[in-house]
Amino acid sequence: MIGKGFAYLGLPPLFIGEIALLAGFVVVLRTGCLVAALATLPSLVLAATMIWVLLRTLPYVGAYGFDALRDSVVIMYGGFAFVIIALLLEDGRRINSMLRSFGAFLSIYGPTIPFIYALHHYMANYVPNWPGYNVPVLEIRSGEIAVHLTGAALFVLVGFRKVSSLWILFVLAGMMMASVSSRGALLAIVLPIIFAVLVLGKLRELALVIVVGLAIFATAYAVETTFRDRREARASSERSLSAQQIVDNVVSIVGQGGEQTEGTKTWRLEWWNIILANTMFGPNFWTGRGFGLNLADADGFRDGDHPDLPALRSPHNVHMTMLARAGVPGAALWLGFLTSWFAMMMHAMLTARRHGQTEWAGLFLFASCYAASFVINASFDVALEGPMQGIWFWCLIGFGIGTTMIYRYMQDNCLWKARLGRQLLPARARRGLPPA
């Protein structure tokens, strides 16, 4: 709800995210399910990726100190996935508890986040900094809003919660606000939702939303162009919350946008080409540059226009980050993990649909598209490298693996009418369970 500010709660180097991770490992040991949590291909690939990242981090701790550990969390936060898997394996009824809690969270998040983001955007100069740090107490990024509002929309689409028209309007407003500041956020919203709608066959509902949304957007655009002069933003943070800016972002994705949007796109592509040259076709093929080195300084991409901001450390693409820091083996493990996880989720969804278990299929579709939103946003921004999105993403990964394991167990052992099976999903979801 307050973004980066909350992440600084704690005493360095143990902030709230690290404290939660350590507490989670204690919980895993108590459950006794750590070995069982490794019983899937995605879990094994994730464990191998974490080991490789650890090997590429430890040699640099002496030289770069805390920076090396901070850079490694892009994968090491994967420990949260194993925590969630172990908790679900210990008691499968926790699926129901998680869905119920997430639904309650969305009832608050949807209506309030547009106002919180507007407060951050327009009143940033009046928000105090966190004591001891040059970080505002309230700092919400567009990508964070995009992925969670996408998750909210998916949760409603698969039928796990009924919402009012007012809630939908607030969510749409939040999505538009997030799409203004980031093209990655725009894609992170549009692509997963369209995929989910196509799988669910809700084309009529999608068409209605598109028509209404385009009508409202066209009206706003006409009013803006008539009564407001267009001012080109000098930086992404200065992009106005306007229909004109959304048009510029869309045009920049498919073609040539404005000067500022094209500048950030060119800057990314140039940096990514340098990373490719140094790894795929250069001396860092096997090892990468390790975790700890400031890649922006090493490649000559420090943000000289904003010296007051923290030093840039990521090339705004998680895949390029893995390639640059962990070499081709690390990038291959990362991509192999993503492929195996999404393949497992899609297979579980198709199996559930084939058996007529539509609520289970909806659960797997929700988790898959929600995670895909994180990955899409992380392909254009610094996302999984920090706790604000990284912890959520890895918990969602663990949720997907854990629910899939429970589903397979129940299916193989014909436990659909057992006490475990009857309490897994909310009441409206239990309709998908077959008769005894």
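Just give me the residues in segment 35-68 being under 18 Å from GLY292 (Cα atoms), of a type outside the set (Gly, Ala, Ser) and without any contact (Cβ under 8 Å) to a residue 60 or more places away in the chain, in sequence order.
The first filter runs over segment 35-68 and keeps only residues under 18 Å from GLY292 (Cα atoms), leaving 49-68.
Narrowing the set further to residues that are of a type outside the set (Gly, Ala, Ser) leaves 49-61, 64, 66-67.
If the condition is that a residue be under 18 Å from GLY292 (Cα atoms), of a type outside the set (Gly, Ala, Ser) and without any contact (Cβ under 8 Å) to a residue 60 or more places away in the chain, then MET50, ILE51, LEU54, LEU55, LEU58, PHE66 are the ones that fit.
Just to be sure I understand, how many residues within segment 1-31 are free of Cβ contacts under 8 Å to residues at least 12 places away in the same chain and not hydrophobic (A, V, I, L, M, F, W, C)? Residues in segment 1-31 being free of Cβ contacts under 8 Å to residues at least 12 places away in the same chain and not hydrophobic (A, V, I, L, M, F, W, C): 3 in total.
So if I check each of GLY92, GLY103, which one is out of contact with any Cys (no Cβ under 7 Å at 6 or more places or on another chain), open to solvent by less than 60 Å² (accessible area, probe 1.4 Å), assigned to a loop (DSSP other than H, G, I, E, B) and on the phi < 0 side of the Ramachandran plot? Residue meeting the stated conditions: GLY92. Could you please let me know if TYR64 is more than 30 Å from HIS120 (Cα to Cα) and surrounded by fewer than 21 Cβ atoms within 10 Å (Cβ to Cβ)? In short, yes.
One residue stands out in segment 359-387 among those that are in a helix (DSSP H, G or I) and β-branched (Val, Ile, Thr): the one that is least open to solvent (accessible area, probe 1.4 Å), namely VAL375.
Say whether the condition of being under 20 Å from THR404 (Cβ atoms) and either out of contact with any helix residue (DSSP H, G or I) (no Cβ under 9 Å at 6 or more places or on another chain) or not polar (S, T, N, Q) (or both) is met by at least one residue in segment 55-74. There is no residue in segment 55-74 that is under 20 Å from THR404 (Cβ atoms) and either out of contact with any helix residue (DSSP H, G or I) (no Cβ under 9 Å at 6 or more places or on another chain) or not polar (S, T, N, Q) (or both). When we screen MET1, MET50 for residues that are farther than 21 Å from THR403 by Cβ and at pLDDT 95 or above, the only hit is MET50.
Taking the numbered list (1) out of contact with any Ser or Thr (no Cβ under 7 Å at 6 or more places or on another chain); (2) open to solvent by 10 Å² or more (accessible area, probe 1.4 Å); (3) within 29 Å of ARG183 (Cα to Cα) in turn, GLY356 passes all entries but (3).
Which of the following residues is among the β-branched types (Val, Ile, Thr) and out of contact with any helix residue (DSSP H, G or I) (no Cβ under 9 Å at 6 or more places or on another chain): THR287, THR321, THR266? Working first, answer last.
On the way: THR287 fails: out of contact with any helix residue (DSSP H, G or I) (no Cβ under 9 Å at 6 or more places or on another chain); THR321 fails: out of contact with any helix residue (DSSP H, G or I) (no Cβ under 9 Å at 6 or more places or on another chain).
Only one candidate passes the filter, namely THR266.
Screening segment 259-288 for residues that are of a type in the set (Gly, Ala, Ser) and at pLDDT 85 or above and picking the one that is nearest to PHE66 (Cα to Cα) gives GLY288.
For beta carbons closer than 7 Å, sequence separation of 6+ or different chains, a first residue in segment 129-140 that is closer than 10 Å to TYR8 by Cβ and in contact (Cβ under 8 Å) with a residue 24 or more places away in the chain and a second that is outside any strand (DSSP E or B) and basic (Lys, Arg), the qualifying pairs are VAL135/LYS4; GLU139/LYS4. For ASN377, indicate whether it is closer than 30 Å to VAL197 by Cα, more than 11 Å from the chain's Cα centre (by Cα) and touching a residue at least 24 places away in the same chain (Cβ under 8 Å). Taking the combined requirement at face value, the residue does not satisfy it. Please state which one of THR403, THR321, THR339, THR351 is open to solvent by 50 Å² or more (accessible area, probe 1.4 Å) and either under 25 Å from GLY151 (Cα atoms) or outside any loop (DSSP other than H, G, I, E, B) (or both). Answer to the selection: THR339.
Got at least one residue in segment 289-296 being modelled with pLDDT of 65 or more, in a helix (DSSP H, G or I), open to solvent by 40 Å² or more (accessible area, probe 1.4 Å) and under 30 Å from VAL53 (Cα atoms)? The answer is no; no qualifying residue exists.
For segment 176-199, the criterion of being over 15 Å from LEU149 (Cα atoms), in a helix (DSSP H, G or I), modelled with pLDDT of 70 or more and open to solvent by 60 Å² or more (accessible area, probe 1.4 Å) is satisfied by at least one residue.
If you go through segment 312-366 and keep only what is without any contact (Cβ under 8 Å) to a residue 12 or more places away in the chain and under 16 Å from TRP286 (Cβ atoms), you end up with just ALA332.
The values are calculated or read from the model by the stated rules, or taken from the named source; none is laboratory data. Treat the numbers as computed from the prediction; the structure is a model and nothing was measured. Cβ: placed from backbone, ideal geometry, glycine included. Neighbour counts: every protein chain shown. SASA here: full protein model, heavy atoms, side chains in, ligands and nucleic acids out. Shrake-Rupley method; radii C 1.70, N 1.55, O 1.52, S 1.80 Å.
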